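Scroll down for the structure; my scribbles are underneath it.
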Amino acid sequence: MSTASQQFLTFVRKEFAHVLRDRKTLLILFGLPVVQIIIFGFALTNEVKNSRILIVDNARDEISAEIISKLEASRYFDLERGQHTNQQIGQVFKEGKIKLAVVFPADFSGALLHFNYAPLQVIADASDPNSANTLTNYLANIVSDYQLEKFGGQKIPLQIGTEVRMLYNPQLKGAHNFVPGVMALVLMLVCVMMTAVSIVREKELGTMEILLVSPFRPELVILSKAVPYLILSLVNVTSILLLSVFVLDLPVKGSLFLLFAESTLFIITCLSLGLFISVRAQTQQTAMLISLMGMLLPTLLFSGFMFPIENMPKILQYFSNAVPAKWYYIIVKAIMIKGLGFPAIWRETLILLGITIFFLTVTLKNFKIRLT
Amino acid sequence: MEVVIQTDRLTKRFGDFTAVDEISFDVRRGEIFGFLGANGAGKTTAMRMLIGLSKPSSGKAAIAGFDVYRETEKIKKNIGYMSQKFSLYEDLTVMENIRFFGGIYGLSGKFLRDKSESLVEKLGLQSERKKLVRSIPLGWKQKLSFSVAVLHNPKIVFLDEPTGGVDPVTRRQFWDLIYAETLRGMTVFVTTHYMDEAEYCNRLSIMVDGKIKALGSPPHLRKEFAAASMNEVFFKLARDAERGGGLKP
Amino acid sequence: MRTVRFLLDKEFRQIFRNKTLLIIILMVPVVQLTILPLAANYEVKNIHLTVVNHDNSHYAQRLITKITASGYFQLTTLERSFEEAFESIESDRSDLVLEIPRHFERNLVRENHQKLFVAVNAINGVKAGLGAAYLNAIVRDYNQEIRHSWFQTTGFSQPPAIDVIPSNWYNPNMRYQLFMVPGILAILVTMVGGYLTALNIVKEKETGTIEQINVTPIRKHHFILGKLIPFWILGLVTFTMGLLVGWLVYGVMPVGSIVLLYLFAAVYLLPVLGLGLLISTYTDTQQQAMFVSFFFVMIFILMSGLFTSIESMPGWAQIISRLNPVTYFIDVMRMVVLKGSGLRDILPHIGAVVLFGIFFNIWAIINYKKTS
C-alpha cells in the first residue's frame with residue numbers, strides 16, 4: 001500500500017471514530033430518513049379529497065336531491081347542509097371551515113324542465129386556488145355525468161367518450177411521486193449538513209491547525225471526512241428502499257444496482273457541496289444556517305417533485321438545473337417507477353458528475369487558499 | 001477557625017463507575033486548599049458537586065454552611081468559579097464580560113462601573129478593554145477569568161485547573177493574584193495536576209482513583225511519606241493507581 | 001428582573017456583532033420570499049401533449065386545434081403510432097398522449113359514439129389529475145359545440161342543461177402567489193425562531209459558558225427569558241420584513257387586521273421558541289441540534305397543508321398535522337390576509353398555539369437543570 005493511501009485510511013478511520021462515537025447524531029442520521037419516508041410516503045398526496053363543502057338547497061326538489069346524493073357519494077366531498085345567505089357563506093369561509101358552496105336556486109327542477117336551462121351556483125374559496133379549481137372541476141364533472149345519465153334517455157347524439165389510462169401509477173398514489181421526491185430532498189439536505197459542519201468545526205475547535213501543519217496532503221484530509229458519511233448515506237438509501245418496497249408497496253421496477261450506483265454518485269455530489277460550504281464558512285453556526293435555512297425551501301421547490309418546473313419562470317427553470325436533487329429525482333423516477341435503464345438517464349448522470357467535479361475542485365482550491 | 005467547606009463521605013457514581021469514592025475533608029477560611037490528583041482521578045467531578053453543578057450520589061457536604069443537596073442556589077451566591085476552559089464570552093469585549101458577570105452577581109450601577117474600572121486597571125488591561133476576548137493572549141484570558149470569578153467578593157473561589165497551557169512566569173503571576181485575594185480573607189479551592197503548585201497551598205489532598213489518599217500541609221505530607229518533594233509523594237501514591245496519568249513534575 | 005436586562009444586553013451585543021448571522025437572518029428570508037412564490041405554482045399550463053391522430057378528418061383537426069388553443073397544453077409532437085408516443089412519455093418529453101382512432105368522424109356520425117384514448121404519466125398526481133381533467137373538459141366542451149350545431153341544423157330540441165356557474169371569492173384572478181406568500185412567510189419565521197434558539201443555547205453548552213452561568217445564582221427562568229426574548233424579537237422582525245416584501249413584490253395587502261396578524265405571530269413564536277429551547281436541552285453539540293431541528297422543520301413544512309391538503313391525508317397523518325403549530329400559523333395567515341377573518345374566527349387557532357406554547361416551554365424549563 002502506498003503511503004498516500006495509508007494516510008488516507010488513517011484519516012478515514014479517525015473520522016469514522018468521530019462519527020460512531022456521537023450516538024445521538026447517529027440515531028438521528030439513521031432514524032430521520034426512515035421516519036420521514038414513512039410519514040411522507042403515506043401522508044403526502046396531491047389528491048384533493050374529503051373536502052368540506054356546503055350545500056344550500058333552496059329548491060328541495062327531486063333533481064337537486066339526486067345531484068346532492070351523487071355529491072355525497074363522491075369521496076372528494078364531505079357534505080354539510082345549510083340555509084346560508086351569501087353573507088353567511090362568506091362568514092363560513094372566513095372561519096376556514098368550508099372550501100366550496102353549492103347553491104341550488106329555488107325553482108331548479110321547474111326551470112330545467114320548462115326552459116331546458118337552470119343555473120347552479122358554485123362559490124369557491126379561492127384563497128386556495130388549487131383547491132378551488134380542482135373542486136369546481138370535480139363538481140362540474142359530476143353534474144355533467146348526471147345530466148348524461150338523467151336525460152340520456154332522449155337519445156343524445158355524437159357522444160364522445162374518453163378512456164383514460166394512468167401510466168406508472170394507476171391509483172394515483174402519492175407515494176409514487178413523493179418517495180423519489182422526498183428521497184432526493186432528504187438525502188441531499190442530510191448529506192450537505194453532515195459535511196458542512198465537518199471542516200468548519202475543526203476550524204472552530206482549533207484542531208484544524210494540527211492537520212494543516214502535518215505533512216498530510218490536504219485533499220486526503222478533506223476527502224476522508226466525506227467517506228464515513230458516504231457509507232452512512234448508503235445505509236440510509238438501503239433502508240429507504242426497503243421501506244418503500246415492503247411498507248409503502250412501491251417496488252423498484254428497474255435495476256437495483258443502477259439505482260445504488262446513481263445514489264452513490266448523488267451522495268458524493270451532495271457531500272461535495274457540503275464540503276464546499278464547510279471550507280467557506282467561518283463558524284459552525286453559519287454553515288448550519290446556510291444548510292438549514294438557505295437550502296431547505298429552495299431544494300424542496302426546485303427539485304421538481306412538489307411543483308412542476310415547467311410552470312416556473314424561465315430564470316428559475318435555469319436555476320433549478322443547478323440543484324442536484326432535481327436530477328436525482330428524475331433518475332430515481334426513471335429507474336424505480338418507470339423501470340428504465342442507463343440509456344434513459346445518461347444525460348442526468350453526466351450532469352451530476354459535472355456538478356460533483358465542480359464542487360470538489362472549488363473546495364480543494366479554496367482549502368489550499370486557506371492554507372497559504 | 002471557621003470551616004467553609006465540609007464534606008463527609010461524598011460520593012458520585014455514574015452507573016457502576018464510582019468517580020468519587022467517599023471523600024471527606026475540611027477547608028478552613030482563608031486557606032488555599034489544593035485538590036491534587038492525576039487526570040481522571042475524580043477532581044473535577046468532586047469540585048462540580050461542591051459548586052452545585054452536579055448532585056452527589058451519597059454522602060454529605062456543606063459549602064459556606066449551605067447543604068449541597070438542598071441549598072445549591074444559596075451556595076452559588078457565595079462562591080466564584082473559574083472553569084478549565086475559562087468560560088468567558090469570546091465574542092464580547094473584556095469590559096463587556098466583566099460587566100455582564102458583575103451584573104449577574106447582583107452588582108449594578110455606579111458600584112459595578114467603579115469595580116469594573118478598578119479591575120481593568122489592576123490587571124493592566126486598560127488598553128485591551130474594548131478588545132474581544134477571543135483576540136487577547138491566553139495569559140490575559142486567564143487573569144481576566146479569575147478576576148471575573150472574584151468580582152463579587154465571594155467567600156470561596158473554586159479554580160479548576162486554572163494554569164493549564166501558560167508559561168511558568170505567567171503561572172507565578174497568577175498565583176500572586178490568588179495570594180492577594182486570600183490576604184483579604186477569601187478561601188481558595190484549586191484543582192491542579194501540577195505538583196509544584198502543591199507547594200503554594202496551605203493544605204492539600206491527593207486523589208487517586210476517586211479516593212483521597214493523602215491530606216495535609218505540604219511539609220506534613222513530605223514527612224509522612226518520607227519524600228523530598230511533593231513529586232515524590234505523589235509517585236509513591238500513584239504506583240498503585242489504576243486510573244489516570246499525566247502528572248507533571 | 002435586573003439580571004434579565006444584563007442577559008438581554010449581552011445577547012444583543014453578541015447578535016449585532018455577528019455580521020454573518022445578521023446577513024443570514026435578514027437576507028435569506030427576504031430573498032426566499034421574493035423568489036420562491038414564483039416557483040410554487042400549481043397553475044397548470046404547458047402540459048406537454050403528444051397527439052397520435054389516425055383520422056385526418058375535420059372533426060379531429062378541430063379538436064386538436066381547440067386543445068392547443070386552450071393554453072393549458074403544449075403540443076410537442078405528432079406521432080404516427082402509440083408506441084412512438086409512449087416513448088415520449090418514457091423520456092419525459094411529454095406528459096400526456098391523446099390518440100384519435102381511425103375513422104373517428106365517420107364513426108361518430110354513423111354510430112353516435114366514439115372513444116378517444118388518453119394515456120397520462122401519472123407519477124405526479126397533480127399534473128396527471130389536472131391534465132386529464134382539463135382534457136376532459138375541453139373534449140366535453142367540444143362535444144357540446146358539435147352537438148349544438150347538429151341541433152341547429154336538424155332542428156331537434158336540446159336536452160335540459162344544467163349550467164354550472166363558478167365564482168371565485170377572495171382571489172378572483174386565482175393568483176397562486178396570494179396563497180403561497182403567507183404560507184412561506186410562516187415557514188421562514190418558524191425557522192428563524194426555532195433554529196436560532198436551539199443553536200444559540202447549544203453553542204453555550206459547547207463552549208462551556210453555560211456552565212459559568214449555571215454556577216452563578218441566576219434564576220433558571222431568568223436565564224431562559226434572557227434567551228427567548230431576543231429571538232422572539234428577531235422572529236417578529238423577520239415577520240415584518242416578510243409582510244413588507246409580500247406587499248412590495250407581490251402586492252399582498254392583508255384584507256384583515258394587521259394588528260391581529262402581529263398578535264398571532266407574537267403568540268405563535270412561543271411554542272416555536274419553546275421547541276428550540278427543548279431541543280437544546282436534549283442535545284450536546286450544535287451538530288446534533290442542527291439535525292434534530294431539521295427533522296422537526298421538515299415534518300412541520302410537509303405536514304402543514306402548505307403544499308398538499310390535510311384533508312386528503314390518512315387519519316393518523318391528520319393528527320400529526322393538527323399537532324403541528326405551523327399548520328395553524330399558515331391557516332391564520334391565509335385566513336386573515338386573504339379573507340379578512342377576524343379575532344373570533346381564529347380563536348381556536350390561538351387556543352391551540354397557546355396550548356403548544358405552554359406545553360413545550362414547561363417541558364423545556366423542567367428539563368433545563370442548573371444541577372445535573
Item to complete: Starting from the Cα of residue C:343, move 7 Å in the Cα-to-Cβ direction to define the label point; list residues of the range C:255-296 whose amide nitrogen is under 19 Å from there.
Response: C:255-269
Worksheet item: Between residue C:266 and residue C:355, how many nm apart are label points set 7 Å from Cα along the C-beta direction?
Response: 2.4
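Give the value in nm², to one decimal: projected area of the alpha carbon convex hull of the protein assembly as shown, averaged over all directions. Mind showing how you got there, number by number?
Numbers: hull surface 188.9 nm².
Mean projected area for the protein assembly as shown: 47.2 nm², to one decimal.
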Worksheet entry | DSSP-defined beta bridges in the range B:91-249 - what % are antiparallel, rounded to 5 | 50
Item to complete: Identify, among C:138, B:156, A:342, the residue whose Cα sits farthest towards the positive end of the charge dipole of the protein assembly as shown, taking +1 on the Cβ of Lys and Arg and -1 on the Cβ of Asp and Glu, with the dipole about the Cα centre.
Response: B:156
Worksheet, complete the sentence: Among A:271, A:250, A:223, the residue whose Cα sits farthest towards the positive end of the charge dipole of the range A:132-285, when +1 is placed on the Cβ of each Lys and Arg and -1 on the Cβ of each Asp and Glu, is A:250
Practice prompt. Take the Cα of residue A:362, step 7 Å along the line toward its Cβ, and report every residue of the range A:323-351 whose backbone nitrogen sits under 17 Å from that point.
Written response: A:323-327, A:351
Response to the item:
To the nearest 10 degrees, the tilt of helix B:109-123 (Cα long axis) against the first principal axis of the alpha carbons of chain B is 70
Response to the item:
Rounded to one decimal in nm, the spacing of the 7 Å Cα→Cβ label points at residue C:247 and residue C:78 is 5.4
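Between residue A:113 and residue C:137, what FRET efficiency follows from the Cβ-Cβ distance if R0 is 30 Å, with the result rounded to 0.05?
Working: r = 26 Å, r/R0 = 0.87.
It comes out at approximately 0.70.
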Worksheet item: Points 7 angstrom from Cα along the Cβ direction at residue A:148 and residue B:235: gap in nanometres?
Response: 10.2
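Where both residues lie in the range C:30-134, what percent of DSSP beta bridges are antiparallel, nearest 5? Mind showing how you got there, number by number?
Numbers: 4 of 15 bridges.
Once the DSSP bridges in the range C:30-134 are tallied, antiparallel ones form about 25 percent.
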Worksheet item: How long is the range B:3-238 along each principal axis, judged by its Cα atoms, biggest number first, in Å?
Response: 49, 41, 32
Item to complete: Using only the alpha carbons, work out the radius of gyration and Dmax of the range A:290-372 in angstrom.
Response: 15.3, 50
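Can you tell me what share of the DSSP beta bridges in chain C is antiparallel? A percent to the nearest 5 is fine. Present the calculation step by step, with values, prior to reporting the outcome.
Values: 4 of 15 bridges.
Expressed as a percentage, antiparallel bridges in chain C total about 25.
Can you give the net charge of the other residues whose Cβ lies under 12 Å from the Cβ of residue C:84, counting K and R as +1 and D and E as -1?
Numbers: positive: C:80, C:93; negative: C:79, C:83, C:87, C:90, C:99.
Value of the local net charge: -3.
Would you please give the FRET efficiency between residue C:284 and residue A:350, computed as 1/(1 + (r/R0)^6) with r the Cβ-Cβ distance and R0 = 45 Å, to the nearest 0.05?
0.60
Return the calculated 222 nm mean residue ellipticity for the protein assembly as shown, to the nearest 500 deg cm²/dmol, obtained by summing -39500 (n - 2.57) across DSSP H runs with n ≥ 4 and dividing by the residue count. Working shown, then result.
Details: 38 runs with 583 residues, N = 993.
Result for the protein assembly as shown, helices only: -19500 deg cm²/dmol.
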Discussion item. I'd like the distance separating the alpha-carbon centroids of the range B:114-128 and the range B:7-74, in whole Å.
Written reply: 34
Worksheet, complete the sentence: Answer in debye to the nearest 20: the dipole magnitude of the range A:51-151 about its Cα centre, from +1 Lys/Arg and -1 Asp/Glu charges placed on Cβ, is 220
Discussion item. Can you list which of the DSSP-assigned H helices in chain C have a Cα extent of 27 Å or more along the long axis and an average Kyte-Doolittle score of at least -1.0?
Written reply: C:19-39, C:125-154, C:176-207, C:220-250, C:258-282, C:343-367
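I'd like the Kirkwood hydrodynamic radius of the range C:81-135, using the inverse of the mean 1/r over distinct C-alpha pairs, in Å. It would help to have the intermediate numbers written out before the result.
Details: mean 1/r = 0.0804 Å⁻¹.
Answer for the range C:81-135: a Kirkwood hydrodynamic radius of 12.4 Å.
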Worksheet, complete the sentence: Extend 7 Å from the Cα of residue B:9 along its Cα-to-C-beta direction; within the range B:30-59, residues with backbone N under 11 Å of that point are B:58-59
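Using +1 on the beta carbon of Lys and Arg, -1 on that of Asp and Glu, and nothing else charged, what's the dipole of the range A:263-372 about the Cα centre, debye to 20? Before the final figure, lay out the partial values.
On the way: 9 positive and 2 negative charges, 47 e Å.
It works out to roughly 220 debye.
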Worksheet, complete the sentence: the range A:97-126 and the range C:220-297 have their Cα centres apart by a whole-number Å value of 45
Fill in: Separation between Cα centres of the range A:44-78 and the range A:256-298, rounded to whole Å
47
Worksheet item: With axes computed from alpha carbons, what is the tilt in degrees of helix A:3-21 against the longest principal axis of chain A, rounded to the nearest 10 within 0 to 90?
Response: 50
Worksheet item: Treating the beta-carbon of each Lys and Arg as +1 and of each Asp and Glu as -1, no other charges, what is the dipole magnitude of the range B:3-238 about its Cα centre, to the nearest 20 debye?
Response: 500
Item to complete: State the volume of the convex hull built on the alpha-carbon positions of the range C:15-104, expressed per residue in Å³ and rounded to an integer.
Response: 103
Worksheet item: Applying 1/(1 + (r/R0)^6) with R0 = 41 Å to the Cβ-Cβ distance of residue B:16 and residue B:226, what FRET efficiency is obtained, to the nearest 0.05?
Response: 0.65
Practice prompt. Treating the angle as unsigned and between 0 and 90°, give the value, to the nearest 10°, between the Cα long axis of helix A:342-371 and the longest Cα principal axis of chain A.
Written response: 50
Discussion item. Projecting each Cα onto the charge dipole of the range A:91-187 (Lys/Arg +1, Asp/Glu -1 at the beta carbon, about the Cα centre), which of A:127, A:187, A:166 comes out farthest on the positive side?
Written reply: A:187
Worksheet entry | Of A:225/B:55; B:85/B:223; B:77/B:141; B:110/C:203; B:12/C:10; A:365/C:203, pairs whose Cα-Cα distance is over 28 Å | A:225/B:55; B:85/B:223; B:110/C:203; B:12/C:10; A:365/C:203
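Computed from the coordinates by the stated procedures, all read-outs in this text should not be read as laboratory data. Just so it is clear, the model here is predicted, and its values are computed rather than measured. Here the Cβ is made from the backbone with ideal geometry for all residues, glycine too, and neighbour counts use every protein chain on show.
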